[in-house]
Amino acid sequence: MPAISQSHDSHHGDDVGFLEPNGHAFASSGVAYPGDLTSLKAIYDRVCNEQGLPVGCPEAAELAAVAMDLFARGTFDEEVLLRELRRY
C-alpha cells in the first residue's frame, strides 16, 4: 500500500517526504494536509469497524489519540498506521 503522502506539490512549499529506515513515511516539514487527514480518518474508521468500536466509546477515543500521535510523529504510511492501530 502506498504512503499517504510522500511529497506535496509546489503550492505547499518544499515538503518532500522520505522513508525512514523503519519504513515510516515522514514529511520533512511535519505539515499534514487535508488529504492526509482524510486518509488518517479512513484508516481510523476501518480499524474501529474491524474491532467493533462504537463512536465515542473510551476505546475509540484512545485509538484516536494513538492515531494522532503516530501521525504527529511523522507516520504517514497506511500499512504502518493500520498495523500500529490494530495493536490497540
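The values are calculated or read from the model by the stated rules, or taken from the named source; none is laboratory data. A quick note: this is a predicted structure, and the numbers were derived from the prediction, not measured. Positions of Cβ are backbone-derived with ideal geometry, glycine not excepted, and every protein chain shown enters the neighbour counts.
Restricting attention to segment 34-88, which residues are at positive phi and either in a helix (DSSP H, G or I) or surrounded by fewer than 17 Cβ atoms within 10 Å (Cβ to Cβ) (or both)?
Within segment 34-88, the subset at positive phi is 52, 56, 74.
Of everything in segment 34-88, those that are at positive phi and either in a helix (DSSP H, G or I) or surrounded by fewer than 17 Cβ atoms within 10 Å (Cβ to Cβ) (or both) turn out to be 52, 56.
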Next item on the list: Considering each residue of segment 12-65, count those that are under 23 Å from residue 88 (Cβ atoms), modelled with pLDDT of 50 or more and hydrophobic (A, V, I, L, M, F, W, C), and give that number.
Entry: 15
